[in-house]
């Protein structure tokens, strides 16, 4: 059992997930087919408009969204790196941005976007990098003007949106593409659906340890995270130990202004976690083994033995799904 202190803190920060995809009807997953598990397999996505997905794909990779044509969304969210940039701290226009880049894969399952959860929807998130002077440094009139000079964009937007190339249409197209960036059919998803041979004995032991130590208090649901806020340093002061506290380390407090939100962040998804190093909001951890040790110490107040750590890491690797193919994510 994990501590009552962790229970209470989790209760304080947990909120409901936003239902964006088809939920699995009242089903349970597990060894015996009756015991509910805290983690759910990625469900089928709702039917997506293939033309909007294609348009969003093109926009996502278009440097014309940035004022100097040096950045696209894909500059920081690289499919070959698990939907991240592989850097400890994001860099844009030659400047460090302060936080580790979260993956765009499976972001549709997050109840909010960004580490501090400052926006709820994928559509609203588009404005953040686009208008940020330290990132794309654009304005909507500039973006619309540049896109309107492209005959291909003119035709695509005209066929999909009555008002043509407008900010809301750009937002929706990119968000539709992002909703197609899902990674179903991981080994662990297959296990949850009844294929008990999908994971090894060690991987199963790792999942059992993951539950036993209390990791599932924060990492559960479809995205194995992404559905609540939590303080970094529940049992010990992570920032006192690390030192050099920056404004970005204040987390959600920067949004709400409330002292109780100091060091509170959106819990990250663990889907495809083996592909998205380095870890934590500050990108300070290079390996999954070290991440397990740090989470055990600062979040759970536990020193996790080496054999359990190895098993948990084996389990975490079962959460890796096939890379998303947006063009094929059209399941009904």
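The values are calculated or read from the model by the stated rules, or taken from the named source; none is laboratory data. Values in this document were obtained by computation on a predicted structure and should not be read as measured data. A quick note on method: Cβ atoms are made from the backbone with ideal geometry, for glycine too, and the neighbour counts reach across all protein chains shown.
Say we look at the range 174-192 and pick out the residues that are assigned to a loop (DSSP other than H, G, I, E, B) and touching a helix residue (DSSP H, G or I) at 6+ places or on another chain (Cβ under 8 Å); which of these is farthest from residue 147 (Cα to Cα)? Selected residue: 182. Within the range 301-314, being surrounded by fewer than 15 Cβ atoms within 10 Å (Cβ to Cβ) and within 20 Å of residue 235 (Cα to Cα) holds for 303, 305. Criterion applied to 262, 271, 302 was being touching a helix residue (DSSP H, G or I) at 6+ places or on another chain (Cβ under 6 Å) and more than 18 Å from residue 213 (Cβ to Cβ), and the one residue passing it is 262.
Could you please let me know if residue 145 is surrounded by fewer than 22 Cβ atoms within 10 Å (Cβ to Cβ), free of Cβ contacts under 8 Å to residues at least 12 places away in the same chain and not in a loop (DSSP other than H, G, I, E, B)? Here the answer is yes, as residue 145 does meet what is asked.
Residues are listed down the side, and each one gets a yes or a no for (1) surrounded by fewer than 15 Cβ atoms within 10 Å (Cβ to Cβ); (2) more than 15 Å from residue 59 (Cα to Cα); (3) in contact with a helix residue (DSSP H, G or I) (Cβ under 7 Å, 6 or more places away or on another chain); (4) not assigned by TED's automatic domain parsing to the domain that holds residue 289:
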site: 137; (1), (2), (3), (4): no, yes, no, yes
site: 141; (1), (2), (3), (4): yes, yes, no, yes
site: 157; (1), (2), (3), (4): no, no, yes, yes
site: 164; (1), (2), (3), (4): no, no, yes, yes
site: 169; (1), (2), (3), (4): no, no, yes, yes
site: 172; (1), (2), (3), (4): no, no, yes, yes
site: 197; (1), (2), (3), (4): yes, yes, no, no
site: 201; (1), (2), (3), (4): yes, yes, no, no
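If you filter the range 68-97 down to residues that are surrounded by 16 or more Cβ atoms within 10 Å (Cβ to Cβ) and in a strand (DSSP E or B), you find that the one that is nearest to the chain's Cα centre (by Cα) is 84. Scanning the range 311-323 for residues that are under 22 Å from residue 82 (Cβ atoms) and in a helix (DSSP H, G or I) yields 312, 313, 314, 315, 316, 317.
From the list 195, 168, the one residue that fits, being more than 16 Å from the chain's Cα centre (by Cα) and part of a helix (DSSP H, G or I), is 168. Scanning for something over 21 Å from residue 92 (Cα atoms) and surrounded by 21 or more Cβ atoms within 10 Å (Cβ to Cβ), does the range 125-135 turn up at least one residue? No, that holds for no residue. Could you run through the range 98-121 and say how many residues are in contact with a helix residue (DSSP H, G or I) (Cβ under 9 Å, 6 or more places away or on another chain), surrounded by 22 or more Cβ atoms within 10 Å (Cβ to Cβ) and more than 22 Å from residue 283 (Cβ to Cβ)? Result for the range 98-121: 1.
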